[in-house]
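The values are calculated or read from the model by the stated rules, or taken from the named source; none is laboratory data. Owing to the predicted nature of the structure, the values given are computational and were not obtained by experimental measurement. Positions of Cβ are backbone-derived with ideal geometry, glycine not excepted, and every protein chain shown enters the neighbour counts. Surface areas here come from the heavy atoms of the whole protein model, side chains and all, with no ligands, DNA or RNA. Shrake-Rupley method; radii C 1.70, N 1.55, O 1.52, S 1.80 Å.
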Amino acid sequence: MTGQVASGCVDVLVLGGGPAALCIASELTQRGVVVAGLAPDPVEAPWPNTYGIWADELKPLGLESLLGHRWSDTVSYFGAGGSPAQNQSTPHRLDYGLLDRAALQRHWLDRAVGVTWHQDRAERVLAGPATTTVRCASGQSLTARLVIDASGARTPHIQRPDQGPVAGQAAYGVVGRFSSNPIEAGRFVLMDYRCDHLSAAQRREPPTFLYAMDLGDGVFFVEETSLALAPGVPYDVLKQRLQQRLDQRGVAITEVLHEEFCLFPMNLPLPDRSQPLLAFGGAASMVHPASGYMLGALLRRGPDLAQALAAALANPGLGSAALAQRGWQALWPAELVWRHRLYQFGLERLMGFPEGLLRRHFATFFALPTEDWFGFLTNTLPLPRLMAVMLKLFALAPWELRRGLVLGAGTAQAPSFRQSAG
């Protein structure tokens, strides 16, 4: 157990009720930390979004059983489309999975046994020398030696520098039934950048791609996605492009089982790591700037952060600021900070790439050895290896792509989208 706490004061108060909050609450509880949680909705409420992950990220953690779906036929398309050569797929040769949201939620809730969950909304967070107090919308106050904000990237409680417009990955998707298969049966499509369904004017606009999977029993998930743009691509544009893509293939949606709207920041600056409030998940800028993924990072980094905090909390003399500093150091050591900066530099370049150059970039990227691109996308390469992979990618790239990677190929700001098909 951790050090003695005052009456009514817990060791850690976690803000949020999503994956990040449940992950860190469960890891802390497993290490004997007294934890409470604060979320505006019941923590048992179903999560609305889908979460995909490479199966090899779960294998070393022994969590492959949490996959609701798994595909071995995993591909992308980086041609323009319209001819057999331009319609060839790039095989990835790694299994991809869709997490069973209810199973993952139950996994963390079962491990967070003993956590007291308060259904309320945090209005103000007041850090004192020894403890931090959270004033809630209902009027109640909660006190903890340390508060961890895991409520998402839009939290108002975490301080971070202003580094200009924040690029968002936007997506509109449909889970449903179709007049014919929108992708090949049994297949997962990571990125389909084919653009033969777009007008010439649309091809001059920022590119989008299809992310799609066969869920079985005649049900498919198709999602039109923008990698990153500031501001994010509007949902009506994504919906229109998805419809054009399906129309071009002669596929109609016959039944909508679920619509998904997704927008999250890709290049959010790292938080001010001197503040007496700690963050985890999106609030801590843990979204991978190159891929948009975060679940693997939560699963890998949660245990180490919890272990460091449990050790710090065992010292009753450490107040909120000192505890937060121990947490920030464990969550964002120098190695991970430098890797994050490298990824952000790369994303800034990609955001300005026109459609054709972006397709060439990804075709070159996925021509790298599997362990290189997998490690890059999952942020599991040590810094020297990451730099070596980036140099290898540069060496393999054609001249035009090299020029874009060095100088940039445009602007990260979105031009005006027309609402017609052009």
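Which of the residues belonging to the range 244-288 are in contact with a Gly (Cβ under 9 Å, 6 or more places away or on another chain) and closer than 17 Å to THR208 by Cα?
Within the range 244-288, GLN248, GLU260, PHE261, CYS262, LEU263, PHE264, PRO265, MET266 qualify.
What number of residues in the range 56-77 are under 20 Å from PHE220 (Cβ atoms), touching a residue at least 40 places away in the same chain (Cβ under 8 Å) and either touching an Asp or Glu at 6+ places or on another chain (Cβ under 6 Å) or among the acidic types (Asp, Glu) (or both)?
Filtering the range 56-77 for residues under 20 Å from PHE220 (Cβ atoms) gives 67-77.
Add one more test, that the residue is touching a residue at least 40 places away in the same chain (Cβ under 8 Å), and what stays is 69, 71, 73-77.
Next, only the ones that are either touching an Asp or Glu at 6+ places or on another chain (Cβ under 6 Å) or among the acidic types (Asp, Glu) (or both) stay: 73, 77.
Count: 2.
Is it the case that some residue within the range 171-186 is surrounded by fewer than 19 Cβ atoms within 10 Å (Cβ to Cβ), among the hydroxyl-bearing types (Ser, Thr, Tyr) and closer than 30 Å to TRP71 by Cα? Spell out the reasoning first.
Quick first cut of the range 171-186, residues surrounded by fewer than 19 Cβ atoms within 10 Å (Cβ to Cβ) only: 175, 177, 179-181, 184-186.
Still in the list and also among the hydroxyl-bearing types (Ser, Thr, Tyr): 179-180.
Restricting the remaining residues to those that are closer than 30 Å to TRP71 by Cα gives 179-180.
Scanning the range 171-186, I find at least one residue that is surrounded by fewer than 19 Cβ atoms within 10 Å (Cβ to Cβ), among the hydroxyl-bearing types (Ser, Thr, Tyr) and closer than 30 Å to TRP71 by Cα, so the answer is yes.
Checking the structure you have, find out if any residue of the range 45-62 is out of contact with any strand residue (DSSP E or B) (no Cβ under 8 Å at 6 or more places or on another chain) and polar (S, T, N, Q). Explain how you work it out, then say what you get.
So in the range 45-62, the residues out of contact with any strand residue (DSSP E or B) (no Cβ under 8 Å at 6 or more places or on another chain) come out as 45-47, 56-57, 59-62.
Still in the list and also polar (S, T, N, Q): none.
Within the range 45-62 (the criterion being out of contact with any strand residue (DSSP E or B) (no Cβ under 8 Å at 6 or more places or on another chain) and polar (S, T, N, Q)), the answer is no, since none of the residues qualifies.
Whether any residue in the range 103-118 is assigned to a strand (DSSP E or B), over 25 Å from the mean Cα position of the chain (by Cα) and either exposed (fewer than 15 other Cβ atoms within 10 Å of the Cβ) or modelled with pLDDT under 95 (or both) is what I want to check.
Within the range 103-118 (the criterion being assigned to a strand (DSSP E or B), over 25 Å from the mean Cα position of the chain (by Cα) and either exposed (fewer than 15 other Cβ atoms within 10 Å of the Cβ) or modelled with pLDDT under 95 (or both)), the answer is yes, since at least one residue qualifies.
Do you know which of the residues in the range 254-290 that are of a type in the set (Gly, Ala, Ser) and open to solvent by 20 Å² or more (accessible area, probe 1.4 Å) is farthest from LEU58 (Cα to Cα)?
Filtering the range 254-290 for residues of a type in the set (Gly, Ala, Ser) gives 274, 279, 281-285, 290.
Next, from what is left, pick out any that are open to solvent by 20 Å² or more (accessible area, probe 1.4 Å): 274, 290.
On the way: SER274: 32, ALA290: 20 Å.
In this case the residue turns out to be SER274.
Here are some residues: LEU98, LEU94. Which one is out of contact with any Asp or Glu (no Cβ under 7 Å at 6 or more places or on another chain) and either of a type outside the set (D, E, K, R) or at pLDDT below 95 (or both)? Explain how you work it out, then say what you get.
Numbers: LEU94 fails: out of contact with any Asp or Glu (no Cβ under 7 Å at 6 or more places or on another chain).
None of the others qualify; the one that does is LEU98.
Give the residue, chosen from ASP236, ASP272, ASP214, that is assigned to a helix (DSSP H, G or I) and of a type in the set (D, E, K, R). Give the derivation first.
Working: ASP272 fails: assigned to a helix (DSSP H, G or I); ASP214 fails: assigned to a helix (DSSP H, G or I).
Residue meeting the stated conditions: ASP236.
Based on this model, can you work out whether GLN163 counts as surrounded by fewer than 20 Cβ atoms within 10 Å (Cβ to Cβ) and either in contact with a Phe, Trp or Tyr (Cβ under 7 Å, 6 or more places away or on another chain) or not basic (Lys, Arg) (or both)? So that I can check it myself, show each step before the final result.
Values: surrounded by fewer than 20 Cβ atoms within 10 Å (Cβ to Cβ): yes; either in contact with a Phe, Trp or Tyr (Cβ under 7 Å, 6 or more places away or on another chain) or not basic (Lys, Arg) (or both): yes.
Against the criterion (surrounded by fewer than 20 Cβ atoms within 10 Å (Cβ to Cβ) and either in contact with a Phe, Trp or Tyr (Cβ under 7 Å, 6 or more places away or on another chain) or not basic (Lys, Arg) (or both)), GLN163 qualifies.
Here are the criteria: (1) touching a helix residue (DSSP H, G or I) at 6+ places or on another chain (Cβ under 9 Å); (2) under 21 Å from GLU260 (Cα atoms); (3) not in a loop (DSSP other than H, G, I, E, B). Tell me which single one HIS69 does not satisfy.
Answer for HIS69: the failing condition is (1).
Could you tell me which residue of the range 1-20 is surrounded by the fewest Cβ atoms within 10 Å (Cβ to Cβ), considering only residues that are modelled with pLDDT of 95 or more and farther than 18 Å from LEU323 by Cβ?
Restricting to residues being modelled with pLDDT of 95 or more and farther than 18 Å from LEU323 by Cβ, the top hit is GLY18.
Show me the strands (runs of 3 or more DSSP E) found entirely inside the range 138-209 where at least 2 residues are under 18 Å from the mean Cα position of the chain (by Cα) and in contact (Cβ under 8 Å) with a residue 12 or more places away in the chain.
Working: elements: 141-149, 168-178, 187-192.
Fully inside the range 138-209 and qualifying: 168-178, 187-192.
When the range 61-87 is examined, which residues are found to be touching a Gly at 6+ places or on another chain (Cβ under 7 Å), at pLDDT 95 or above and either open to solvent by 60 Å² or more (accessible area, probe 1.4 Å) or closer than 16 Å to HIS361 by Cα (or both)?
Answer for the range 61-87, where residues must be touching a Gly at 6+ places or on another chain (Cβ under 7 Å), at pLDDT 95 or above and either open to solvent by 60 Å² or more (accessible area, probe 1.4 Å) or closer than 16 Å to HIS361 by Cα (or both): HIS69, ARG70.
Scan the range 358-409 for residues that are part of a loop (DSSP other than H, G, I, E, B), at pLDDT 80 or above and either touching an Asp or Glu at 6+ places or on another chain (Cβ under 9 Å) or open to solvent by 80 Å² or more (accessible area, probe 1.4 Å) (or both) and jot them down.
Filtering the range 358-409 for residues part of a loop (DSSP other than H, G, I, E, B) gives 366-369, 379-382, 397-398, 408-409.
Checking which are at pLDDT 80 or above leaves us with 366-369, 379-382.
The answer is THR380, LEU381, PRO382.
Across the range 88-102, what is the number of residues that are outside any strand (DSSP E or B) and either among the aromatic types (Phe, Trp, Tyr) or loosely packed, with under 14 Cβ neighbours inside 10 Å (or both)? Before the answer, list the steps.
We begin by selecting, within the range 88-102, every residue outside any strand (DSSP E or B); these are 88-89, 92-95, 100-102.
The next check asks that each one be either among the aromatic types (Phe, Trp, Tyr) or loosely packed, with under 14 Cβ neighbours inside 10 Å (or both); those that pass are 88, 93, 102.
The number of residues fulfilling the criteria is 3.
Please go through the range 275-312 and give me each residue that is closer than 16 Å to GLN325 by Cα and not in a helix (DSSP H, G or I), ordered by number.
GLN275, PRO276, LEU277, LEU278, ALA279, PHE280
From TYR293, TYR235, which residue is under 20 Å from ILE24 (Cα atoms), open to solvent by 20 Å² or more (accessible area, probe 1.4 Å) and hydroxyl-bearing (Ser, Thr, Tyr)?
When all the criteria are applied, what remains is TYR293.
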